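Derivation of every value follows stated rules applied to the coordinates shown; laboratory data play no part. Just so we're clear, the structure is a prediction, and the values are computed from it rather than from any experiment. Cβ atoms come from the backbone with ideal geometry, glycine included; neighbour counts cover every protein chain shown.
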Amino acid sequence: MPSTHDWINNPLGVVEGMFAASQNNLSSGWEAKAVEFFKDRLKEKDAHTSVPSLNDVPLHYLKPNSLVKFRCLIQDMFDPEFYMGAYETVDPSTKAK
């Protein structure tokens, strides 16, 4: 499993690795495993101090694509939104998936 440094500096890499490992079995619940992974890491002692805050740290000090936290107000929209879990594309020139 990735180290503390990896899950903060490259969280998408962690999720991508979990997704790639589940390609043979898309019903393996990789999304739930990813959520559980980050929940477990954030429950660790002093984990909240390791994740930089957008409210406190200037943007030029933050590494691109790293995990950050921020404090905000969320407004609920009444219309539901749906997203696909995975999709496949075909390159028209090579017919590769």
Alpha-carbon gyration tensor eigenvalues x 5, square-rooted, for segment 4-61, Å:
27, 13, 8
The answer for K69, listing residues at least 5 apart or on another chain whose modeled amide H is closer than 5 Å to its amide H, is S53, L54
Fewest first, what order do M84, M18 take by the number of other Cβ atoms within 10 Å?
M84, M18
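For N55 and Q23, FRET efficiency with R0 = 35 Å and r from the beta-carbon atoms, rounded to 0.05?
Values: r = 38 Å, r/R0 = 1.07.
After rounding, the FRET efficiency stands at 0.40.
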What GluC sites (Glu not before Pro) in segment 11-45 are in a loop by DSSP, with at most 10 other Cβ atoms within 10 Å of the Cβ?
E44
For the Cα atoms of the chain, what angle does the longest principal axis make with the long axis of helix 30-43, in degrees from 0 to 90, nearest 10?
10 degrees
Does anyone have the angle between helix 11-21 and the longest principal axis of the chain? Alpha-carbon axes, 0 to 90°, nearest 10?
30 degrees
